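Input: a single structure, listed below in structure tokens.
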Amino acid sequence: MEPEAAVSSWSAFIGAWDIFRNPLLCALGAGAVLGFLGVFVVLRRMVFVSAGVTQSAGLGVALAFYLDIHLGMHLDPLVGAAALALVSTLIMSVDSGRTIKLPRESLLGLVFALSGGAAVLLGDRISQEAHEIDSILFGSAVLVRTFDLVAVLVSGALILALTLWWLRGLVFASFDPDAARVQGLPVNLLDRTLFVSIGIMVGVSARALGSLPVFAFSVLPAAAVLLLGVRLPWAFALATVLGALAGVAGYLFAFFYQFPVGGSQTVMAGLFALLAILIQVLRGRPLRLALPARARAISPPP
């Protein structure tokens with residue numbers, strides 16, 4: 001009976017491919033690009049930045065619904081998510097220790113807590129969209145609008161192309177900024193570019209897939225690869241593949257076994273990290289990230 005049920009489920013999935021195509025392609029594209037960017041997130045210890053940006057994206061969606069329902073101001077939730085994610089990214093990219101004497105960790109905590117709490121408060125005032133708000137916060141991307149899919153794929157392609165083009169400079173400026181300045185690299189510009197890229201990608205992806213899986217894609221695939229101690233160029237490639245795989249496999253698991261999509265995609269990404277930990281334990285290796293003291297893996301640009 002089990003094989004027949006599986007064949008029946010696959011037949012139903014293939015038969016409804018027009019419905020499932022958008023969320024699968026969206027999970028594939030978002031998972032791949034966020035997995036790639038996640039190498040920077042993990043190695044630069046920006047995990048809390050990613051969490052704060054995803055929470056801000058959820059707040060942007062809630063704010064868009066609130067403005068439309070109570071004030072008659074139409075703002076597409078995708079625009080709200082991207083705008084709030086970008087604003088929070090720019091805030092968190094500021095060197096707060098020099099400007100307002102506030103440790104960056106405190107600033108990150110403020111953005112994370114304030115965004116999450118405000119999203120919950122706004123959600124309480126737009127009860128007719130409560131399900132949509134829950135979807136944005138925790139992820140339940142059973143269906144994805146074509147507009148959201150295009151936004152994710154186009155943004156992802158542009159960000160990936162720009163990041164690959166400037167990869168040597170971004171790596172060098174990230175892991176040895178003093179030496180990068182001596183070489184004449186615009187370290188501040190490169191840092192802002194990286195932060196903005198993460199903010200935009202998280203914003204458009206959170207609207208389509210939900211904040212929880214987006215946060216998982218931007219952290220866990222990269223963490224899994226870096227725990228294995230692979231060289232940095234391979235880390236970018238493998239994290240991209242694992243991010244895409246987590247998105248697609250998580251969606252398929254949710255479909256066949258009737259689980260929430262966002263939770264399934266998040267758990268799938270987490271399983272990769274757990275597998276990496278298990279491999280390292282069996283090999284008798286220490287559990288630590290392969291954090292390079294200097295950007296030796298990719299030489300600086302001339």
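Where a number appears in this text, it was derived from the coordinates with a stated rule and is not lab data. The structure displayed is predicted, hence computed values, not measured ones. Backbone-built Cβ (ideal geometry, glycine too); neighbour counts: all protein chains shown.
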Got a sec to turn the phi values of the range 258-266 into Karplus ³J(HN,Hα) couplings, 6.51 cos²θ - 1.76 cosθ + 1.60 with θ = phi - 60°, whole Hz, x for Gly and Pro? 6, 10, x, 5, x, x, 5, 5, 5
For the residues I91, I159, what sequence is obtained by ranking on other C-beta atoms within 10 Å, fewest first? I91, I159
